[in-house]
Amino acid sequence: MMSTPKYEGQRTGFSSSHRSALHRYVHDRSVLRHSLRYAPSHYRYLYSMRNFALLLAVCVIGSTQASTINASTFGYNVTNATAAFQAAINSAYDTVVVDLQADDWNVGPSTFTNLSDKTIIFQPGVVLRARPGAFNNIYATLFQLRTSTNITIIGYGATFQMNRSEYALLNDSEFRHSLMILSCDGVTVKGLTLRESGGDGLYVGAWGAVPYSEHITIEDVRMIDNYRQGCSITSAQHMVMRHCLFTGTLGTLPESGLDIEPYVASGRAADLVFDHCSFTANNYCGISLVLHYLDQTSVPVDITFNDCTTSNNGVIGQPWGPKEITLEQDEDPVTGTVTFNRCHVDNSQFRAVFVRKVATGFAATFNDCAFTNVSQAPGVLDNNPIWVEVTDYFAPCPPFGGVTFNNCLLTYPSTYAYMRCYGYTTTPGVQDVNFTGTVVNPNGQGLVMTSIADTINCAINASQLDAFPPTTLDHMLLQSPAEECSALPIVFEATRSGSDMSYPLPFRYDTAGTISYGDDVHLMTGSLMIPANATNATDTLMARWDGVVETPEDAVIEPVMSAWYTLSSMLPVAPQVFDCLSTQVHEAEGETIVAWPNPFTEELELTGVPPTVPVRLLNATGSVLYEGPAQHIYPGRLMPGVYMVQVQGAVLRVVKL
């Protein structure tokens, strides 16, 4: 089950004027009644549009309260569009469309302060590009948002592009971020790709008197090939990141996919939720939680990862020691919880989890997680899959630990112990380290305690196996197709059968098809976790309304073979995504034309069509099957499939069941 951040439902990311207009529009146009509904409660994924079509409709219909402008209106210049871009964002218009031009939007550093109730839409294909030579200042940021409220940034198909190789030649290049959110309240960012910054792809923190940002939503954002981190969070609360990709960080330390690292005791990491995110191929680690500066006076941390994957992070020679997940804090510890639910660490040369924290600090828990094919690199010192370490080798320090693994799976090929607790003479011992689960390795050792004076409240209950029990895995569609204007998603399921269900089992898959992942449907992780003692798990794909009339698109899900299971079938499942089947409308002379019910079985009614207006019925290939009055269509004779009805310039897509 996906968790929902505590603030969800309080904020939608739209300004108050947009919400009022949108509510009237949805009420008056029942054909759009599903456009901003929540997905089913078991999934809690608020689907979103890919580009600006819905928002423009909202702005037009609610024009008494909302206003829209194209950024190019302010004087787009192909060589230097900074002035036009900044003037547009700072204008009084509450919806600004950064519109597609023949060339990129080449801009210098841009900082925006005290904005409120504004929607910024980057059209598909737009590239906001950092001008060469314009970012010599070490704090120059491509798009910085300070002390602003109720801001929505939509950028499906759009890119923020910086010049990492240029900044690598400059001094202290770690702060030239792509998108920076400072002391803001109510910011939503969807669909952007943040590439090759001279610092972080995304930075969320504080500025001035307000010590944190809050109510932040980041969805379907790709942070690719950035210089310092994919994303840094230094002070935030009530923040969710869904279906995001963190990959390719390389340049200057730390080089993580995600780094949560407040740098003052007043910083916050409270109610942070990461759902279905992927952390891969970063130079240091996928997920780094470094909470040294938070102490007992700080707000307790509350960080949750649900259904996330990390893989292929770290390289030999990285000075901080590569790993997939690192959890650290000092001796005056902040309390709270860090929880990983159904997460998958896969295909790593190095440690899966590194823990260096005080036992009485925040409690770290891994529930139904799988660590597969980890610690592969031969000859790497102390390359144990799970490593728990003393916090100080020089001065007296409290017991270390405070980490629990509940119903977890661990597989690795090396001869190391699957877990090592490494103490020293400075500490009384290890405390509150617990492991329950299954370890599969014919060559490995059990738990190893090194220089441990005492073990306090520790329990290790691992079932160590030489090979996986025989298991068969099946996959199938439970619900398809998905419609862009419907809250009904595609649902696919993985089901296992076998004699041993005591461990979690990850179903690995690749994605293909004509669909654009992250644009038409959300980004996917390539892994679906079946929890321990369960036979099945499901995942969901929501379709987004992009306002573009298209033929049906396929979202192909291809199973991947594994040593963990035998596939009952190698055939992929190929659910389809349709345009708005029942919600494509055309207005002429005050009439709204609607086809319903849709999908249909025997009868299809066209409302709002004048008797004298001809109607054309076409199949999915465009062949005309009928042309004439609407009342003479007999759709019950049709074979099941997708058809199009053309009337007065409108194209309504219908499905015969």
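Just to make sure I understand: if all protein chains stay in place, what is the order of MET501, MET570 by accessible area at 1.4 Å, largest first? Kindly include the intermediate steps, with their values, before the conclusion.
Values: MET501 45, MET570 105 Å².
The ordering from most to least exposed comes out as MET570, MET501.
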- Item | C-alpha center-to-center spacing [region 482-501, region 115-146] in angstrom | 39
- Item | Rg/Rg_ref, region 418-507, where Rg_ref = 2.2 N^0.38 Å and atoms are Cα | 1.73
- Over the chain, what is the percentage of antiparallel beta bridges among all DSSP beta bridges, to the nearest 5? 25
- Item | Charge tally in the Cβ shell below 11 Å around TRP564, where Lys, Arg are +1 and Asp, Glu are -1, TRP564 excluded | +1
- Distance cut-off 22 Å, percentage of C-alpha pairs in region 166-262 lying past it: 22
- Query: Just going by the charge dipole of the chain, with Lys and Arg at +1 and Asp and Glu at -1 on Cβ, which of GLY198, VAL334, THR188 is farthest out on the positive end?
  - Reply: THR188
- Can you give the Kirkwood hydrodynamic radius of region 201-332 from its Cα pairs, in Å with one decimal? 14.6
- Dividing the alpha-carbon radius of gyration of region 321-466 by 2.2 N^0.38 Å (N being the number of residues), what value is obtained? 0.97
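Pick out, in residue order, every one of the chymotrypsin sites (Phe, Trp or Tyr not before Pro) in region 385-431 that is DSSP loop and has at most 15 other C-beta atoms within 10 Å; say none if there are none. Show your work: numbers first, answer last.
Details: sites: TRP387, TYR393, PHE394, PHE400, PHE405, TYR416, TYR418, TYR422, TYR424; in loops: TYR393, PHE394, TYR416, TYR418, TYR424.
When the chymotrypsin sites (Phe, Trp or Tyr not before Pro) of region 385-431 are filtered for loop state and at most 15 Cβ neighbours within 10 Å, TYR393, PHE394 remain.
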- Message: Rounded to whole Å, give me the distance from the Cα center of region 362-422 to that of region 215-279.
- Response: 23
- So who's got an amide H within less than 5 Å of the one on THR188, skipping anything under 5 residues away but keeping other chains? H placed 1.01 Å off N, in plane. ILE151, THR152, ILE153, THR217
- Query: So for region 261-401, Kirkwood radius off the Cα pairs, Stokes-Einstein at 37 °C and 0.692 mPa s: how many µm² s⁻¹?
  - Reply: 214
- Can you give the longest stretch of the chain with no exposed loop site, where a site means trypsin sites (Lys or Arg not before Pro) in a DSSP loop (not H, G, I, E or B) with at most 15 other C-beta atoms within 10 Å? 38-657
- If you look at just the Cα atoms of the chain, how large are its Rg and its Dmax in Å? 26.6, 93
- Message: Keeping every protein chain present and rolling a 1.4 Å probe, give me the accessible area per residue for the chain in Å².
- Response: 36
- Note on the structure: Phi-derived 3J(HN,Hα) across region 115-130 with the Karplus relation (6.51, -1.76, 1.60, θ = phi - 60°), rounded Hz, x for Gly and Pro, is 6, 8, 6, 9, 10, 10, 10, 9, 4, x, x, 6, 10, 8, 10, 6
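Carbon and sulfur together cover what percent of the accessible area of region 315-428 at a 1.4 Å probe radius? Can you show the working numbers first?
On the way: 2010 of 3610 Å².
Carbon and sulfur: 56 percent of the exposed surface of region 315-428.
Considering the convex hull of the alpha carbon atoms of region 250-321, report its projected area averaged over all viewing directions, in nm², one decimal. Kindly include the intermediate steps, with their values, before the conclusion.
Numbers: hull surface 20.8 nm².
Reported value for the Cα convex hull: 5.2 nm².
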- So what is log10(I(q)/I(0)) for region 469-554 at q = 0.18, 0.24 1/Å, when the Debye sum runs over its Cα atoms only? -0.80, -1.18
- Message: Along its three principal axes, how long is region 536-580 when you only count alpha carbons? Whole Å, largest extent first please.
- Response: 43, 19, 12
- Task: Can you find, among VAL374, PRO398, ALA363, the residue farthest towards the positive end of the dipole of region 324-409? Put +1 on the C-beta of Lys and Arg, -1 on that of Asp and Glu.
- Result: VAL374
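If you rank ASP368, ASP332 by how much accessible surface each has, with a 1.4 Å probe, what is the order from largest down?
Sorted by accessible area, descending: ASP332, ASP368.
Taking Cα pairs under 8 Å and at least six residues apart, what relative contact order does region 494-567 come out at, in percent? Let's see the in-between values first.
Details: 104 pairs, mean separation 30.7, N = 74.
About 42 percent, as a whole number.
The values are calculated or read from the model by the stated rules, or taken from the named source; none is laboratory data. These numbers come from a predicted model, not from an experiment. Because the Cβ atoms are built from the backbone with ideal geometry, glycine has one as well, and the counts that use them run over all protein chains shown. Each accessible area value is taken on the protein alone, full model and side chains, heavy atoms only, with ligands, DNA and RNA left out. Shrake-Rupley method; radii C 1.70, N 1.55, O 1.52, S 1.80 Å.
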